[in-house]
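Written out below as structure tokens is the structure these notes cover.
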Amino acid sequence: MKNKYVLWCVIGVLLSIFVGLITYYFNSPRLPKEIVKVDKEKEKDIDIDNGKEKEKEGDINENDESKVKEKTYYFDGWKDKQRKRVLAVIIDNAVEARPQAGLDQADVVMEFPVEGGLTRFVAIISNDNVNLIGPVRSARPYFIEVGEEYRGILVHAGGSNESIRILENDTMDHLDEIYGNFKVKTAFWRIPDRAMPHNLYTTSDTLRRTSKNLSFDNLLMQPPYRKLYIEDKEDKEVKGEKIHDINIYYSNKNCTASFVFDEGIRAFKRFTADKPHTYPFGQQLITPNVVVQYVSCSYLDGDGHLDLVTEGRGAALIFREGKVVKGYWEKKASNELTKYTDSDGNVLDFMEGPIWIEIVPKGTRVDY
């Protein structure tokens with residue numbers, strides 16, 4: 001009798017595990033199986049707020065003034081979105097990690113070199129309802145500095161020895177999928193569509209709930225803002241030398257970053273390794289602002305971990321409205337927002353919409 005009872009208990013446990021695995025497989029978030037391709041012949045625009053596409057009014061008879069619609073700025077309304085404390089999410093940029101999720105919803109995306117000439121992103125996300133973010137990867141010391149700069153909650157999966165040491169001795173709020181407690185671990189999922197370590201995902205709502213359970217401040221620490229260009233201001237014009245495209249040659253050719261200016265939408269379209277850089281539903285990543293920030297770089301150890309100096313002052317290229325300004329970046333303390341100026345020290349305005357900041361070691365080839 002006792003043996004039968006034990007047998008049925010074992011069968012019950014195995015059955016529960018089997019059902020749990022099946023449930024996880026079918027209910028875990030996935031990337032779309034088919035990437036939607038934009039039909040270039042129809043020249044479709046993307047409605048950022050709802051992810052839908054809408055055709056341009058390119059075939060309207062220009063002589064019929066009643067039918068001609070006034071062009072609106074692509075990112076109108078971006079600044080008016082409701083925002084909470086920043087989630088500074090570290091996102092993979094290996095070939096196996098593309099297309100990434102969540103970059104299109106970030107206020108700022110910073111790209112940094114890591115070991116092997118590859119790059120990773122820190123996505124500064126302050127709005128809610130970002131239904132998929134990732135793949136989430138490990139921390140580096142300079143990623144922690146970004147979290148401090150934007151007064152955010154760092155979201156990562158482990159990290160280099162130096163970054164783990166910093167986090168253990170710091171009071172910074174962070175969510176670590178590898179070394180965090182059970183509450184933190186349940187905020188992440190491994191999707192079955194990809195191999196580890198390129199398959200760790202989360203959502204903004206899940207991260208907010210977990211932060212609340214850990215008593216992190218989600219509401220009071222509003223993200224810092226940079227000055228925006230105001231179009232209707234008299235005698236105001238975006239200054240700079242006209243350019244068409246930007247090419248940034250990170251040392252690994254698979255991470256070469258390019259931005260091509262599209263006058264029709266007044267924004268740059270992003271390419272990676274000469275291919276359109278898309279997010280999971282096929283639309284290309286777009287930004288009205290690109291910054292190239294030159295920093296000092298050295299190796300920390302034999303594993304190729306880098307020391308990037310993001311405090312102080314250095315050269316920068318600031319791109320807006322298809323123009324470039326040669327200027328400087330400046331940051332006096334780790335918790336201070338980096339400012340960008342022209343050669344005379346005047347703080348530069350940014351176009352409404354996201355900002356992509358490319359951190360490059362001094363000497364990196366940048367063509368424009």
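Just a few scattered comments:
- Of the helices (runs of 4 or more DSSP H) lying entirely inside region 141-200, those containing at least 1 residues that are under 19 Å from H305 (Cα atoms) and either open to solvent by 30 Å² or more (accessible area, probe 1.4 Å) or not small (G, A, S) (or both) span 141-149, 161-168.
- Selection of region 224-273 for residues being part of a strand (DSSP E or B), of a type in the set (K, R) and crowded, with 16+ Cβ neighbours inside 10 Å yields K269, R270.
- The listed residue being under 17 Å from F112 (Cβ atoms), surrounded by fewer than 17 Cβ atoms within 10 Å (Cβ to Cβ) and in contact with a helix residue (DSSP H, G or I) (Cβ under 7 Å, 6 or more places away or on another chain), out of D303, D307: D303
- Where a residue in region 68-86 is surrounded by 12 or more Cβ atoms within 10 Å (Cβ to Cβ) and in a loop (DSSP other than H, G, I, E, B) and its partner, wherever it lies, is modelled with pLDDT of 90 or more and of a type in the set (F, W, Y), with Cβ under 6 Å and at least six apart: V86/Y150
- When region 201-223 is limited to residues that are assigned to a loop (DSSP other than H, G, I, E, B) and touching a helix residue (DSSP H, G or I) at 6+ places or on another chain (Cβ under 9 Å), the one that is surrounded by the fewest Cβ atoms within 10 Å (Cβ to Cβ) turns out to be D217.
- Test: residue in region 280-298 that is out of contact with any Asp or Glu (no Cβ under 7 Å at 6 or more places or on another chain) and free of Cβ contacts under 8 Å to residues at least 40 places away in the same chain: no
- Within this structure, E336 fails the test of being of a type in the set (D, E, K, R), in contact with a Phe, Trp or Tyr (Cβ under 7 Å, 6 or more places away or on another chain) and either open to solvent by 50 Å² or more (accessible area, probe 1.4 Å) or not in a strand (DSSP E or B) (or both).
- Residue tally, condition assigned to a loop (DSSP other than H, G, I, E, B), modelled with pLDDT of 95 or more and not hydrophobic (A, V, I, L, M, F, W, C), over region 284-304: 2
- For region 339-368, the candidate set comprises residues that are under 18 Å from D307 (Cα atoms), part of a loop (DSSP other than H, G, I, E, B) and touching a residue at least 12 places away in the same chain (Cβ under 8 Å); within that set, the residue that is most open to solvent (accessible area, probe 1.4 Å) is K362.
- Residue match in region 120-128 (condition: modelled with pLDDT of 95 or more and either open to solvent by 10 Å² or more (accessible area, probe 1.4 Å) or over 12 Å from the mean Cα position of the chain (by Cα) (or both)): yes
- Test for G282: is it on the phi > 0 side of the Ramachandran plot and surrounded by 17 or more Cβ atoms within 10 Å (Cβ to Cβ): no
- From the list T202, T210, the one residue that fits, being β-branched (V, I, T) and touching a residue at least 40 places away in the same chain (Cβ under 8 Å), is T202.
The values are calculated or read from the model by the stated rules, or taken from the named source; none is laboratory data. The shown structure was predicted, so the numbers you read here are calculated from the model rather than taken from an experiment. When we count neighbours, we look across all protein chains shown, and the Cβ atoms used for this are built from the backbone with ideal geometry, even at glycine. Ligands, DNA and RNA are excluded from the accessible area calculation, which covers all protein heavy atoms including side chains. Shrake-Rupley method; radii C 1.70, N 1.55, O 1.52, S 1.80 Å.
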